[in-house]
Amino acid sequence: MSKYISRFETLYQNVMSFEEKSIPLCAAENPISPFAKLALDSRLQEKYIMGGILQLDKNNNFIEAELLFQFYQLINAQCNDLFHCKYADPRALSGVNAVMVLLMSLFKEGDTILISSKESGGHSSMPLICRRLGISTIDLPFDFETMDFDYDVTNQIIREKYIRGVLICPSDLLWQPCLEKIQLPTDCILIYDATQTLGLMAHQINENPLDKFLDENKFILMGATHKTVPGPTCGLIMTKNLDLARQFDCLINPSYLRNVQFHHILSLSLVLMELEVFGYEYASNIVRNANYLGQYLEQNGFDVVKKGKTYTNTHQLFIQMPTEHLDKFMKHSKRFGITLNARYKQLYRGQGIRIGVQEVTRYGWGKEEMREIAGILTTLQQTNIDSRKLEHRISSLTNHREIHYTFDLETVKRIYNILHDRQF
């Protein structure tokens, strides 16, 4: 027996002990259902397939490739139904990896692109990746009053400079940007990373930007599949422009990726089935819960960002908080297992808290649970906390963590028997 087994066991038990007692309010995580997990342990896990999505490469491939390729076609059909795309590519390993392979495929050293800045909620990795690839970047102008980009100034920059692309990758997002206001030249590529909100677009709870662009527009909608899409870690790339897709389709694999983690692709197909059947109800309840929680937090004295009477159109909430209060709040959050994020960006007027409700919504929590969460977060602001009383309130919530918006046991058994040699 390995000398490391006991250590591994202890490490895992420590994490699970924390998880079981925590209230998960991190905007970046979501549990995979038992239904979708079935594909992560199938005989196809180790399989390789080479080449693109548009057409099977029969000359330089593995023996089973023609059979495996049909799963690519299945996911394209599913994404066409859910997102109205003509091309869907699940091969990238994550959202950031999807951006990287697109940048490497579509741009060259010395090109200039516009990107969303960290201060406006943009992903902090993007300027670093662009710099490493030799791509020059200009921050997209942002209006912090309207919480959206300044499209007049953006379009002026595009007119006056030779801009090869626009890359928008929001990590912090309450309202979708009006991408259709960007006046794209015919040779300019717009990439929108909808990692945070892709699951909200599947049934139009958030507007699907693919519906606002013509087939000939060089527009790509992409994102990771483990946030509001409650699936495995993949990067899903979609477009309606097949000529644009041909520019990167056969570069992603085999040039930039070899093993596309086929078990994740299978799992994603199962998750897309969940979105097909349960996605509207799930996404609706995410946004509804986020606004309930925002309302209760504001009633309890928190400075919650909002527009009019609406706190958010996504799964996220922003709470602005002075530094001295933020430090104490985060210390108490860690102590009692409330998993949220401190943010230090102009979007939060300097600093604040980001909350996500996609995971607690997956557990079937609703209005009353949001009220109780608001009460717990309010208690975290106190200097002297009754630990026993607060821990009891937290455990009364965390004892109810059954995953909702998924298929019944009979369907789980059916998929299990398909994917495994043994019966359920």
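The values are calculated or read from the model by the stated rules, or taken from the named source; none is laboratory data. Since the structure is predicted, the reported quantities are computational estimates derived from the model, not experimental observations. We place every Cβ from the backbone using ideal geometry, glycine too, and count neighbours over all the protein chains shown.
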Subject >> Matching residues, segment 249-281, being out of contact with any Asp or Glu (no Cβ under 8 Å at 6 or more places or on another chain), assigned to a helix (DSSP H, G or I) and of a type outside the set (A, V, I, L, M, F, W, C) >> reply: Asn253, Pro254, Ser255, Tyr256, His264, Ser267, Ser269, Glu274, Gly279, Tyr280, Glu281
Original post:
Taking interchain pairs and intrachain pairs at least six residues apart, which have beta carbon atoms under 6 angstrom, with the first residue in segment 296-325 and of a type in the set (D, E, K, R) and the second at pLDDT 95 or above and surrounded by 17 or more Cβ atoms within 10 Å (Cβ to Cβ)?
Top reply: Glu298/Val304; Asp303/Gln320
Original post:
Based on what the data block shows, is Cys234 surrounded by 17 or more Cβ atoms within 10 Å (Cβ to Cβ), in contact (Cβ under 8 Å) with a residue 12 or more places away in the chain, within 30 Å of Met50 (Cα to Cα) and in contact with a His (Cβ under 6 Å, 6 or more places away or on another chain)?
Top reply: yes
Original post:
Looking at segment 1-52, which of the residues that are outside any helix (DSSP H, G or I) and among the β-branched types (Val, Ile, Thr) is nearest to Glu402 (Cα to Cα)?
Top reply: Ile32
Original post:
Which pairs have Cβ atoms under 9 Å, sit 6 or more apart or on different chains, and link a residue in segment 154-176 that is farther than 20 Å from Lys118 by Cα and aromatic (Phe, Trp, Tyr) to one that is surrounded by fewer than 21 Cβ atoms within 10 Å (Cβ to Cβ) and at pLDDT below 95?
Top reply: none
**OP:** Of the conditions (1) in contact (Cβ under 8 Å) with a residue 12 or more places away in the chain; (2) farther than 28 Å from Ser120 by Cα, Lys413 clears all except one; give me its number.
**Re:** (1)
**OP:** Residue by residue through segment 321-345, note down the ones that are surrounded by fewer than 17 Cβ atoms within 10 Å (Cβ to Cβ), modelled with pLDDT of 95 or more and either assigned to a loop (DSSP other than H, G, I, E, B) or in contact with an Asp or Glu (Cβ under 6 Å, 6 or more places away or on another chain) (or both).
**Re:** Tyr344
Subject >> Leading residue by the ranking (nearest to Asp111 (Cα to Cα)) among those in segment 185-208 that are part of a loop (DSSP other than H, G, I, E, B), in contact (Cβ under 8 Å) with a residue 60 or more places away in the chain and hydrophobic (A, V, I, L, M, F, W, C) >> reply: Ala202
